[in-house]
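The values are calculated or read from the model by the stated rules, or taken from the named source; none is laboratory data. Here the structure is a predicted model, which is why all the values come from computation and not from measurement. Glycine gets a Cβ as well: all are built from the backbone with ideal geometry, and neighbour counts include every protein chain shown. Only protein heavy atoms, including side chains, enter the accessible area calculation; ligands, DNA and RNA are left aside. Shrake-Rupley method; radii C 1.70, N 1.55, O 1.52, S 1.80 Å.
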Amino acid sequence: MFWEASEVEKKLRYTGVFESYTNDLQLMRSDFEKHILPFVRKHSDLFPKRCEDWLYFKRIVAFIMSYSFTDPSKEADDDDEDGSDDESEGAHVHSAAPMMAPLADMLNAVPSNNACLQVCKLTRQMVVKNGCKVDAGNEVFNTYGELSNKDLLLMYGYAVPVGENPYDYVPLPAVDFLNAATEVFADDAKSAKSLKAKWRLLQEVGAVDKNSTLAFWADGRRLDEEAEMVLKVLSMSESDFNSYKENDGWSSDSEAEDVEQRIAGYPQRHRDILKCVAEKCLARCRSSFERDDLDYESVERRNALSSRDRYSLYVRYGQKVLLKVLLDLCKV
C-alpha cells in the first residue's frame, strides 16, 4: 500500500500484484473522497486537520487491516440466519465488522500455522486454539487465512519462501486460454471457427472477461473450477458444444467429474492448451528467471536483499516454479 507504483510494477510484473494494488488504491481513494472526507469536514469540531489528509487515512486503514480480526462465528450466524443470499430491496444484510483485540496481534502468522484464533459462541471470548501439539519453547503461529504469497504481500507486506505456502497459486490470464486454443486448433477449421462462440458463451455466464485470471494451485497441483470450465468448453468438438448449449450446461455425468483430477490425466487437447498457456506466461518473464533462480538458490544472495526485494522474489520465483511444474505435467 505504501510502495510507489513504479516499484510494484518493476518488482512484481506479471504476478497479478500490480493490478490488485492499483485497484485497491483506487477503491480506497474513492471511499475517502466520497464518504470519509465529507464526513470529517462536516464534523471538523471533532476531527483534527490531519484527518483530511489522504496519506494519514491510508496509514489508519493499513493499521486496521493488519491488526484487526473478524469474528468467524458472527459470519456463520449471519450466513445461516435465513438460509438464503437474498439481497433484494428491503432485505437486511449483515456483515461481521472487524474488531481490534488487545494482545491477539502479538502472534506471528504463517500459512502452515499450528494455532488459530477463535471466538467462543457461549462466552464471546477470543481464545487461541492449537491445531497440533506445540512443544515447550516453540513459537505459536497464527494464520491470516488461506492466502497465497501474492495476497500475503499485498495485504500484510510479507511472503514466505517457495514451498512453504500450501495456498500459493499462479494466476493465468484467461485471454491466454483463448489465444492458446486458437494456436492449438489452427489446423482444425471447425474447432477454430467455433472458438469465438465458445468464448462469448463463457463471457455470458461470467466465467471470463478480458481482465480475469484463472489459477493453478500449488496444493494438489490442480486448476481451479473456472479454469476447468474454460478448458473444457474451448476444447469441445462442435457437436459437443452444440449439445452443451442445448442442455444449458453440463450433463449430470460431467458435473460428477473430479475437478481436481491430476493434469497429467487430462485429454490431450486440454493439455495442449494448458502447455501453450504456461509457455506464454513463462515467456513474459523468462529474461528474469535465471537471475531469480540464482538469487533464490543462494542463501547469501537472498539474505543480502532488502525485505521488499526478498518478499518480491518469493512471489515472483514461486509463480515461475509453478509454471514450470504445470508445463512438465502437460508434457507427460
Is at least one residue of the stretch 155-176 out of contact with any strand residue (DSSP E or B) (no Cβ under 6 Å at 6 or more places or on another chain), under 30 Å from residue 114 (Cβ atoms) and part of a helix (DSSP H, G or I)? yes
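Would you confirm, using the coordinates I've provided, whether residue 119 is surrounded by 14 or more Cβ atoms within 10 Å (Cβ to Cβ), β-branched (Val, Ile, Thr) and under 17 Å from the mean Cα position of the chain (by Cα)?
Considered against the rule, which asks whether it is surrounded by 14 or more Cβ atoms within 10 Å (Cβ to Cβ), β-branched (Val, Ile, Thr) and under 17 Å from the mean Cα position of the chain (by Cα), residue 119 comes out as no.
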Number of the exception - residue 118 against (1) over 19 Å from residue 65 (Cα atoms); (2) in contact with a helix residue (DSSP H, G or I) (Cβ under 9 Å, 6 or more places away or on another chain): (1)
Lone qualifier among 306, 288 - being surrounded by fewer than 21 Cβ atoms within 10 Å (Cβ to Cβ) and farther than 28 Å from residue 174 by Cβ: 306
If you go through the stretch 24-33 one residue at a time, do you hit one that is touching a residue at least 60 places away in the same chain (Cβ under 8 Å), closer than 30 Å to residue 172 by Cβ and open to solvent by 80 Å² or more (accessible area, probe 1.4 Å)? no
Tell me, which helices (runs of 4 or more DSSP H) wholly within the stretch 1-71 include 2 or more residues that are of a type in the set (Phe, Trp, Tyr)? 17-31, 54-67
Restricting the stretch 197-234 to residues that are small (Gly, Ala, Ser) and without any contact (Cβ under 8 Å) to a residue 40 or more places away in the chain, which is surrounded by the fewest Cβ atoms within 10 Å (Cβ to Cβ)? 206
If residue 160 satisfies all but one of (1) farther than 27 Å from residue 313 by Cβ; (2) in contact (Cβ under 8 Å) with a residue 60 or more places away in the chain, what's the number of the condition it fails? (1)
Could you grab the pairs with beta carbons closer than 6 Å, sequence gap of 6+ or different chains, first residue in the stretch 130-143 and open to solvent by less than 50 Å² (accessible area, probe 1.4 Å), second one among the hydroxyl-bearing types (Ser, Thr, Tyr)? none
Within the bounds of the stretch 243-258, is there any residue that is in a helix (DSSP H, G or I) and modelled with pLDDT of 90 or more? no
